[in-house]
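Just so you know, all these numbers are worked out from the coordinates, no wet-lab data involved. As the structure is a computational prediction, the values presented were derived from the model and not from experiment. Note that we place each Cβ from the backbone using ideal geometry, even for glycine, and neighbour counts take in every protein chain shown.
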Amino acid sequence: MSFIKMLIGLPIVIIVLIFAFVNNDLVTFNLWPFYLEITVSQSVAIIFLVLFGYIYGKFNSWLSYSPVRKALRQQKKENKKLNKEQQKLSEKVTDLEGNISNLREEAKDAKAAAKDAEDAAKAAEKAKNRVELKNKIKSWFSFGKK
């Protein structure tokens with residue numbers, strides 16, 4: 001972009017300078033409301049007026065973009081605020097992920113404990129059934145002893 005600006009601006013500056021220095025006659029400017037007359041070289045007047053126009057254009061451009069700059073400042077503030085909120089939320093997410101992994105491990109441990117308890121209950125049931133079977137067998141064989 002700056003190359004294009006230079007490509008366009010440099011020839012214009014050269015043309016204005018050549019035009020200014022070719023016209024060396026004296027010019028009288030009448031500043032009407034103040035009754036003031038200024039006599040200067042036409043080349044000085046041309047260069048002054050071109051520089052004044054350039055500076056005026058830059059200033060006008062700067063003023064016209066002030067709402068855009070204000071909106072950008074507000075967006076930067078909002079972005080900072082949202083970044084802070086995002087950091088807080090990402091910390092919460094990592095904490096919750098840690099909690100989830102802990103709960104999964106606890107659930108696995110609880111399942112293992114439940115399975116162990118179930119196995120123990122089955123073993124106790126088998127033992128009870130064996131004892132009952134032994135008692136039945138003893139009662140069959142002790143039928144005649146009484």
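Select from segment 20-37 the residues that are part of a strand (DSSP E or B) and without any contact (Cβ under 8 Å) to a residue 12 or more places away in the chain and list them in ascending order.
T28, N30, L31, L36, E37
Applying the selection to segment 1-19, what residues are closer than 16 Å to Y54 by Cα and either touching a Leu at 6+ places or on another chain (Cβ under 7 Å) or in contact (Cβ under 8 Å) with a residue 12 or more places away in the chain (or both)?
Correct list: V16, L17.
Yes or no: segment 38-58 includes at least one residue that is of a type outside the set (S, T, Y) and exposed (fewer than 10 other Cβ atoms within 10 Å of the Cβ).
no
Just one of (1) out of contact with any helix residue (DSSP H, G or I) (no Cβ under 7 Å at 6 or more places or on another chain); (2) aliphatic (A, V, I, L, M); (3) not in a helix (DSSP H, G or I) trips up V13, so point out which.
(3)
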